[in-house]
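Data first, discussion second: the structure below is written as structure tokens.
A short reminder: the numbers here are calculations on the coordinates, not readings from a lab. As the structure is a prediction and not an experimental result, all values here were calculated from the model. Positions of Cβ are backbone-derived with ideal geometry, glycine not excepted, and every protein chain shown enters the neighbour counts.
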Amino acid sequence: MGEPLRVLYIDDEVDLAESVAAFLERGDDRFEVETVPDASEGLDRLDAREFDCLVSEYDLPDGNGVELLTTVRETRPALPFVLFTGAGSEEVASDAISAGVTEYLRKGSDPERYRLLRNRISDAVDRGRAEREYREIFEEVPDGIVVHDVADGEFVDVNEEFARMFGYERDDLLAAGFERILPDEPPYTPERARQRIREAADDGPETFDWPGVTSDGERLWVEVHLTPLRPRGEERVLAVVRECTTRKERERDLERYQTVIDTVPDMAYVLDPDFRFALVNDAMVDVTGYPREDLLGAHASLLFDDEAIDEGEWNRDRLRSGARESERLETRLETADGERIPCEIRGDLLPRGGEGEWRGTTGIIRDVTERKERERKLQARSAAMDASIDGMAILDADEEYVFVNRAHVDCYGYDDPDAFLGETWRMCYGPEELARFEEEIMPELFEQGDWRGETVGVRADGSTFPQELSLSLTDDGRVICVVRDVTERKRRERGLERQNEQLEQFARVVSHDLRNPLNVVEGRLELAREESESAHLDSAADALDRCLTLVDDLLTLAREGRRVDEREPVDLGALAEDCWRTVDTADAALVADATRTVRADRSRLKQLLENLMRNAVEHGGAGVTVAIGDLENGFYVADDGPGVPDDAADEVFEPGYSTADDGTGFGLNIVAEIAEAHGWDVAVAESPAGGAQFAITGVDADE
């Protein structure tokens, strides 16, 4: 049996009232029902004892149920009230709802109406009890408690502590609304507060600090913990609020102080009177290798040995005697990994406390090792500049030389570096280049911070030479110059240009002056074959085919050579199938097991594969089998033909090498050129079937 459910039923139809009471008690043994005939006696009973629910007819001898409800609500706002009437109407129902009725139910002769009444009473009482328990807990919690409507962030309920926290009475705060206690300054705006509430409803609990405004306009920082709620299907967010103004102020002060000392490039510290670290900056953590939490509270001896402590004891005696500054102390610092580094310490006395007590020291520790390392690196850099094969110089803000290395002196044909010092860079260039420097190079240098290109320098004897020049502007206005004499490179480039011109001329001759007569011969041979069946004509035709193939190979070498165009992803297996269809393979067979996709110039890779396939058929015969497959960093093309002689493995890629009667000797040379143009390596060895296997490696896969 559960907790008793005490019901007061007011109805002037006494027999009906007793029947209803009996039905309620018989259906649920928790029910204890008392009946009275009018409103006056009902109010007396309410004053005499506690009831969990009041049930009333609308038509009563001394008034009506809505008037009774209004009277009850004045003293018992939470008492469940069920209007159970046989004289109901829409108007009665509307008046009852406006007065705050808990349930409205029409009478009827069907027992189902009584069961429905019992259920409505039971539900109303359970809700009321839960509401009372919730309110008791709500007010007992020492923190501020708020229930927010997710839709607009408004207060659904607040406890007394929350209202007190902001200087309001609870009812006044509920009436004032959500925005009354919020600042309106980015990022702490009312709309952002609503967004945080919606985020908690969607994503789950979260905790953050937020500023509020009290009734007298003061700023109040609070820690807010939001939790989503869904009572009776409604979407709510519960906020537990705790004042944290003092903590926020301490955090801000500490943050400001920590920010200040973290900007100091040297190690900075605060020691308490017991020589324990109370504050350290980022540099202290970085240099010593100790986490901040290990340093804070640790004695100074963690970093400094007894000799250092005894030597000056951070100048404690001097500081205690009243001196404001300490002398610099040279000592040694030991890092977390045991490294001992020389350092320089300068300390100062913290302001005395209210009673004049000594509060400790603050100081700066400078790592002298870093300074010495910089000096060593500067010396090494100077030595490296002196040893450099490129000319190197430094100009000051007035564009005068303050440093030149030996290579710079030699580059311009001088004997002594002193010839440059105190002079400007203009001594190294002729009139035309000086104009270019003034109009183009120097403006770009000062705008972009650097310049790199080719210029023409003037040597001490007046001769000129081409040079690569790199200029860099430093933060203090100096200019770093790097000069390289490119005379030999230019000479080689001119030679290559002449060779390219000759190759292009050769290609024109081969393409036009040689191919045209061969085409004429080919046509005449066809006419001769129609008139005669001489075997000599077949031999001539074979020789002519070889000549035309040779012309094609020579043109490929002359015009393509080691050039590749834009690379793209290429399906190796699919390309091999395409190549096989364009090569005269007779009865040869292809096994394409390659699955790799490579980045390559498709047309040149196609030419490479066709040449290797053609080579296999030419040397292996009509029935040869050609296989193409993947390697770990490339692919292979293999056959089951006679293979390559061991002593010829290094010669097969040379121009003109061939063991076939009708070979040109350039097919494999073209393969080597294409591979090299892609940055690949190609090598030949015996295949598993005893033939030749060409391995192409160093190939970039397309991921």
**Complete:** Under Stokes-Einstein, region 564-699 at 25 °C and 0.890 mPa s, with its Kirkwood radius over C-alpha pairs, diffuses with a coefficient in µm²/s of 167 µm²/s
**Message:** If you wrap a convex hull around the alpha carbons of region 388-485, what volume per residue comes out, as a whole number of Å³?
**Reply:** 86 Å³
**Asked** Got a sec to turn the phi values of region 628-643 into Karplus ³J(HN,Hα) couplings, 6.51 cos²θ - 1.76 cosθ + 1.60 with θ = phi - 60°, whole Hz, x for Gly and Pro?
**Response** 10, x, 8, 10, 4, 10, x, 7, 9, 10, 10, 9, 10, x, x, x
**Asked** Rounded, prolate or oblate: which fits region 156-256, taking a ≥ b ≥ c as square roots of the Cα gyration tensor eigenvalues, rounded meaning a/c under 1.5, else prolate when a/b beats b/c?
**Response** oblate
**Request:** Quick one: net charge around residue 177, please, counting Lys, Arg +1 and Asp, Glu -1 for every other residue with C-beta under 13 Å from its C-beta.
**Result:** -4
**Prompt:** Distance from the Cα centre of region 430-500 to that of region 177-249, in angstrom?
**Reply:** 66 Å
**Prompt:** Amide H neighbours of residue 229 under 5 Å, counting only residues 5+ apart in sequence or on other chains, H built in-plane at 1.01 Å?
**Reply:** 236, 237, 238
**Asked** When the C-alpha atoms of region 5-137 are aligned to their principal axes, what extent does each axis show, in angstrom, from largest down?
**Response** 42, 31, 29
**Message:** Could you compute the net charge surrounding residue 697? Neighbours are other residues with a C-beta less than 9 Å from the C-beta of residue 697; K and R count +1, D and E count -1.
**Reply:** -2
